[in-house]
1. Among the residues of the stretch 1-21, write down those that are loosely packed, with under 10 Cβ neighbours inside 10 Å and either touching a strand residue (DSSP E or B) at 6+ places or on another chain (Cβ under 7 Å) or not in a helix (DSSP H, G or I) (or both).
2. If the Cβ limit is 7 Å and pairs must be 6+ apart or interchain, which residue in the stretch 23-35 that is under 19 Å from residue 12 (Cβ atoms) pairs with which residue that is among the aliphatic types (A, V, I, L, M)?
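Every number in this text was worked out from the coordinates using simple rules, so none of it is lab data. Since we're looking at a predicted model, the values are computed, not measured. Note that we place each Cβ from the backbone using ideal geometry, even for glycine, and neighbour counts take in every protein chain shown.
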Amino acid sequence: MREVFILIAHLLVPLVRLASPRGLGAVAAESLAVKHQYLIMKRAQRRAPKLTPWDRVAEGKHQTQNHRDASPAASRIGSCAT
């Protein structure tokens, strides 16, 4: 029953905003912002690789070898910015 009230409230809020001055622009801007946020979230999920345990072991081995062999300046060149 609580979900029904929440659904009704979410349906009424845009109608109230439409009735206010500049309401159409506010509702359109909010819709555009939500759509943009959804696309960003979807893109982030799609780009994440699915690594197997073997991939993690191989990457860990690779990172430890690079860390021992390379100078600090060379490790900064190959590291990720994020």
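1. Within the stretch 1-21, 1, 21 meet the criteria.
2. So the pair list comes out as 24/18; 27/18.
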